[in-house]
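The values are calculated or read from the model by the stated rules, or taken from the named source; none is laboratory data. Treat the numbers as computed from the prediction; the structure is a model and nothing was measured. Backbone-built Cβ (ideal geometry, glycine too); neighbour counts: all protein chains shown.
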Amino acid sequence: MVHQFLKNILAKPLGKLADKYDSRPDAQRVFPALSALSQNIKTDPGKKGPVINFDDSHSFIIFSDQHKGIKNGSDIFALAEGNYITALDYYNNQNYTYINLGDGEELWQNNIPQVKRKNKASFIKEKLFADRNAFIKIFGNHDLYWDNDPLAIIFLERIYKQKLRIYEGAILQTQIDGKPLSIFLTHGHQGDLQSDGNWFSKFFIGKIWGPLQMYLELNLNTPSVDDHLKTLHNTIMFNWSAQQANTLLITGHTHQPVFESLTHLERMYRKLDIAQAQNNQQAIADIQQLIDKHVNKGSALPSFKGYKPTYFNSGCCCFDDGDITGIEICGGYIRLIKWKYDNKASVRIVLEEITLKELINTI
């Protein structure tokens with residue numbers, strides 16, 4: 001009873017505290033960091049990230065933020081593991097290239113031998129992509145170890161049975177009707193001093209938040225995060241992407257799915273704007289009913305001034321109901337997808353999709 005009481009009263013304030021100290025982005029740092037990384041990959045491919053030319057015959061799946069732990073009370077990946085493994089089987093059988101956008105392992109709270117031992121099943125599935133030379137692993141702030149520890153290469157070889165390069169980003173390039181399109185992928189923590197592996201965040205996560213989360217059995221990556229307006233961090237990412245020519249930006253980090261620069265709730269408002277312009281009363285009523293489920297009466301409406309569909313976020317693979325979200329690029333389409341449990345079976349759901357041709361004609 002005491003445990004549940006503490007869980008009820010502490011979940012919300014602890015969540016706000018963790019968010020405050022885990023991420024405090026500043027556009028004056030983020031913009032130059034993203035620009036420098038993008039330019040570095042373009043001018044020196046292979047060092048910080050590969051440049052991959054693709055066409056409609058290529059398929060990519062982008063997942064991020066598994067935060068694989070050690071199967072204790074603070075392991076926010078454990079419940080989602082079944083969906084993740086089923087999804088990887090599906091994409092490997094379909095010959096997708098898998099781009100892991102970072103924070104695959106929770107290495108602020110745990111060490112890699114522990115994580116390796118407790119997550120053999122998912123590492124085996126990832127290895128299948130590596131065996132086909134179809135696995136790109138990018139580091140994030142919670143698994144910065146892969147980039148900065150001299151022993152990382154040894155553990156990577158033990159896990160994947162081959163030497164594996166770890167990158168900070170990647171760029172996909174294509175031509176659509178003679179127009180160039182670049183898709184820049186990175187975890188998204190660049191330039192964010194409060195989450196870029198700094199000592200205070202690691203101390204807070206490892207010594208305070210981790211033990212509390214384990215004791216209270218808390219996982220604040222709830223599905224409702226998809227219904228919120230964009231976080232400040234996602235807004236900064238959008239603002240950077242909107243300034244780039246013929247470029248889409250895909251990140252993770254925030255655990256908040258974003259498609260065409262909009263969260264799920266923002267997309268509903270956008271659809272409401274279109275329905276009102278068309279005087280489609282039935283659509284207006286239906287969309288308004290959906291909006292009312294997620295917002296309070298009188299809430300401020302989001303502004304779509306300057307809206308450009310240039311920013312995407314893969315969400316995460318550790319929602320508290322076991323759902324995972326990701327981004328597919330396949331057959332000329334880009335899709336936001338979700339894998340969820342349905343009668344104990346994992347099923348794939350397309351949440352949003354648009355053709356790359358449509359996108360390039362609007363950016």
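Here are a few things to note about the model shown:
- The set of residues from segment 75-111 being part of a helix (DSSP H, G or I) and not polar (S, T, N, Q) comprises ALA78, LEU79, ALA80, GLU81, GLY82, TYR84, ILE85, ALA87, LEU88, ASP89, TYR90, TYR91.
- If you go through segment 23-32 and keep only what is among the small types (Gly, Ala, Ser) and part of a helix (DSSP H, G or I), you end up with just ALA27.
- Pairs, first more than 25 Å from ILE61 (Cβ to Cβ) in segment 102-125, second in a helix (DSSP H, G or I), C-beta under 6 Å, six or more apart: TRP108/LYS202; TRP108/ILE205; TRP108/GLY206; GLN109/GLY206; GLN109/GLY210
- Answer residue from segment 305-343, given it is at pLDDT 95 or above and among the basic types (Lys, Arg) and is surrounded by the most Cβ atoms within 10 Å (Cβ to Cβ) among those: LYS338
- Every pair of residues 6+ apart whose Cβ atoms lie under 6 Å, when the first sits in segment 165-182 and is under 21 Å from SER64 (Cβ atoms) while the second is among the aromatic types (Phe, Trp, Tyr): ILE166/PHE139; ILE166/TRP146; ILE171/PHE184; LEU172/PHE54
- Filtered residues of segment 42-74 (kept if part of a helix (DSSP H, G or I), in contact with a Ser or Thr (Cβ under 9 Å, 6 or more places away or on another chain) and not basic (Lys, Arg)): none
- Test for SER23: is it at pLDDT 95 or above, among the polar types (S, T, N, Q) and out of contact with any Leu (no Cβ under 7 Å at 6 or more places or on another chain): no
- Listed conditions (1) under 19 Å from the mean Cα position of the chain (by Cα); (2) modelled with pLDDT of 95 or more; (3) assigned to a helix (DSSP H, G or I) are all met by SER35, apart from (1).
- Restricting segment 149-171 to residues that are among the aromatic types (Phe, Trp, Tyr) and more than 23 Å from GLY188 (Cα to Cα), the residue that is modelled with the lowest pLDDT is PHE155.
- Applying the set (1) among the acidic types (Asp, Glu); (2) buried (at least 20 other Cβ atoms within 10 Å of the Cβ); (3) not in a loop (DSSP other than H, G, I, E, B) to ASP147 leaves exactly one unmet item: (2).
- Entry remark, segment 93-114: residues being over 15 Å from the mean Cα position of the chain (by Cα) and either of a type in the set (Lys, Arg) or surrounded by 20 or more Cβ atoms within 10 Å (Cβ to Cβ) (or both) number 7 in total.
- Annotation note: Cβ proximity below 6 Å between a residue of segment 344-357 that is surrounded by 13 or more Cβ atoms within 10 Å (Cβ to Cβ) and a residue that is among the polar types (S, T, N, Q) (sequence gap 6+ or interchain) occurs for SER346/ASN83; SER346/THR86.
- The residue of segment 115-139 that is nearest to ILE70 (Cα to Cα), among those that are of a type in the set (Val, Ile, Thr) and either buried (at least 19 other Cβ atoms within 10 Å of the Cβ) or in contact with a Gly (Cβ under 8 Å, 6 or more places away or on another chain) (or both), is VAL115.
- Taken over segment 118-139, the residue count meeting the criterion of being assigned to a loop (DSSP other than H, G, I, E, B) and touching a helix residue (DSSP H, G or I) at 6+ places or on another chain (Cβ under 9 Å) is 4.
- Test result for ASN100, in contact with an Asp or Glu (Cβ under 8 Å, 6 or more places away or on another chain), within 22 Å of ARG158 (Cα to Cα) and polar (S, T, N, Q): yes
- Where GLU168 falls short, out of the listed (1) under 18 Å from the mean Cα position of the chain (by Cα); (2) closer than 20 Å to ASN92 by Cα: (2)
- The residue pairs whose first member lies in segment 66-87 and is over 10 Å from SER346 (Cα atoms) and free of Cβ contacts under 8 Å to residues at least 60 places away in the same chain, whose second member is aromatic (Phe, Trp, Tyr) and outside any helix (DSSP H, G or I), and whose beta carbons are closer than 8 Å, counting only pairs six or more residues apart or on different chains, are LYS68/PHE77; GLY69/PHE77.
- Filtered residue count, segment 237-267, keeping only those that are out of contact with any His (no Cβ under 7 Å at 6 or more places or on another chain), closer than 27 Å to ILE284 by Cα and either modelled with pLDDT of 95 or more or not in a loop (DSSP other than H, G, I, E, B) (or both): 6
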